[in-house]
Amino acid sequence: MTAELIAVGTELLLGNIANTDAQYLSEKLSALGITVHHHTVVGDNPQRLEAALETARKRADIIITTGGLGPTYDDLTKQTICKTFGRKLELHADILEEIRSWFRNRLGKEMPENNVQQALLPENCTVFDNPVGTAPGCAFEEGGVHVLMLPGPPFECQYMFEHRGIQYLEKLTDGVIVSHEIKIFGMGESSVEEALREPMTRLSNPTLAPYAKLNECMVRATAKASSAEEAEEMLRPLVGQVCETLGDVVYGVDVDSLEAVVSTLLRQKGLTLSAAESCTGGLIAKRITDLPGASEVFRGGVVSYTNGVKAGVLGVPQALLDEFGAVSEPVARAMAEHCRNICGSDLAVSVTGVAGPDPDDRGNETGIVYIALSTGGETVCQKLSCGKGRGRDRVRTAAASHAFDLLRRWLSGLPYQP
């Protein structure tokens with residue numbers, strides 16, 4: 001079956017908020033074996049929404065709308081859908097009482113009368129109650145097209161789809177789609193595509209598709225079958241083939257991030273980490289402490305953005321800073337070694353470089369970065385070019401990712417010298 005997602009809200013068109021509902025729903029629909037062919041966004045305008053619905057009903061088996069189910073004058077999704085599909089709105093007394101109770105129990109006040117319109121739903125529909133908000137959703141079938149209405153706020157949308165929408169849609173599908181994400185760092189999308197071109201062009205089910213992400217790449221292997229078990233059997237040899245072909249640039253399958261892999265490896269080996277950061281400004285520490293349980297593996301760090309802090313806090317010899325400059329291999333090595341001693345960690349990683357937009361006083365161009373790893377037994381250092389003219393954020397993000405990849409390689413026993 002095919003689906004079209006229609007997001008309703010002028011704030012989406014203005015760029016005030018991102019359409020995260022569409023990304024979430026597309027992923028979930030794929031897992032149900034439903035193919036999303038179109039994403040549409042319209043403002044709070046009934047004429048344009050009606051036109052979008054008329055187009056969607058001609059080319060999709062399932063239409064899912066998000067947003068426009070609130071109590072204000074511009075929340076007109078239900079009214080417009082009912083007009084388009086020839087349905088009447090009717091008041092659901094039980095839903096109205098749930099909304100009244102929500103106001104009393106959550107907010108300690110009586111429901112404003114304009115919220116009554118949220119209890120108006122299409123006749124003969126399947127009601128999706130909303131215990132985490134005031135906007136109920138619903139679904140109905142008309143002329144062979146299934147229409148689902150979900151609230152716009154991401155938490156409410158996701159909760160309702162997980163607990164109500166999936167149950168409705170499972171009755172319509174005749175198969176499942178299973179995907180595995182092969183995460184890659186150190187090889188670009190074009191190189192990945194070249195390495196996998198033969199199976200990618202030959203396969204139809206399962207399939208392979210590369211995707212470029214910020215400073216890394218991903219290959220999604222997807223299979224459609226009558227059951228999840230059958231799809232997994234189809235995917236297992238293909239995922240193994242991709243990993244073997246690409247080699248150690250694959251940092252995991254169905255893993256969240258490089259830092260998550262590093263955190264797991266540290267925990268498995270009973271090791272701790274610290275970080276001395278200059279151009280990344282604490283990004284390494286942030287990324288690893290964003291993970292639950294980070295305190296088990298991360299001891300702390302120093303953001304030594306100036307030479308004074310490099311020398312006065314980290315203890316980098318002033319003579320090294322004077323002779324080689326802050327952006328240099330000797331300083332990167334000293335930063336890692338002193339950070340490991342100060343924090344009492346088993347490992348320490350350091351980053352010093354030029355985030356831009358201008359070269360430093362020693363002539364190092366934007367994107368030149370030195371990354372060092374001190375293990376107690378040795379200290380290794382890499383000089384990298386993280387991209388001239390790419391912008392500060394991209395240089396910093398790339399430098400932090402390279403630091404995590406250096407850690408991954410050392411912890412996994414893989415080659416880690418440049």
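The values are calculated or read from the model by the stated rules, or taken from the named source; none is laboratory data. Treat the numbers as computed from the prediction; the structure is a model and nothing was measured. Neighbour counts run over all protein chains shown; Cβ positions are idealised from the backbone, glycine included. Note: accessible area is taken over every heavy atom of the protein model, side chains too, but ligands, DNA and RNA are not part of it. Shrake-Rupley method; radii C 1.70, N 1.55, O 1.52, S 1.80 Å.
A few remarks follow.
- Distance between the range 225-266 and the range 21-38 - C-alpha centres, whole angstrom: 21
- Measuring between their Cα centroids, the range 148-177 and the range 69-100 lie 19 Å from each other.
- Relative contact order, whole percent, for the chain stands at 10, derived from Cα pairs under 8 Å and 6 or more residues apart.
- The figure for GLU189 is an accessible area of roughly 80 square angstrom, using a 1.4 Å probe on the protein chains alone.
- Selection among LEU291, THR72, PHE85 by position relative to the dipole of the chain gives LEU291 as farthest towards the positive end (Cβ unit charges, Cα centre).
- When the C-alpha to C-alpha distance is required to be over 30 Å, the pairs from LYS28/LYS183; LYS183/LYS383; LYS286/LYS388; LYS171/LYS213 that qualify are LYS171/LYS213.
- Prolate is the label for the chain, because the ratio a/c of its alpha-carbon gyration tensor axes (a ≥ b ≥ c) is 1.5 or higher and a/b is greater than b/c.
- Cross-link reach list, lysines versus LYS83, counting only Cα pairs under 20 Å and skipping chain neighbours closer than eight places: LYS58
- Sum of -39500 (n - 2.57) over DSSP H runs of 4+, divided by residues of the chain (222 nm, nearest 500): -11500 deg cm²/dmol
- Estimated dipole of the chain in Debye, rounded to 20 [Cβ of Lys and Arg +1, of Asp and Glu -1, Cα centre]: 600
- Considering only SER374, VAL354, ASN341, the residue lying farthest towards the positive end of the dipole of the range 334-379 is ASN341, judged by Cα position with unit charges set on Cβ.
- For the range 339-418, relative contact order (Cα pairs under 8 Å, six or more residues apart, normalised by length) works out to 26 percent.
- The mean sequence separation of alpha-carbon pairs under 8 Å and at least six residues apart, normalised by the residue count of the range 324-367, gives a relative contact order of 32 percent.
- Pairwise centroid distance, computed over Cα atoms, of the range 51-68 with the range 300-348, Å: 58
- Summarising the strand pairing of the chain, around 60 percent of its internal DSSP beta bridges are antiparallel.
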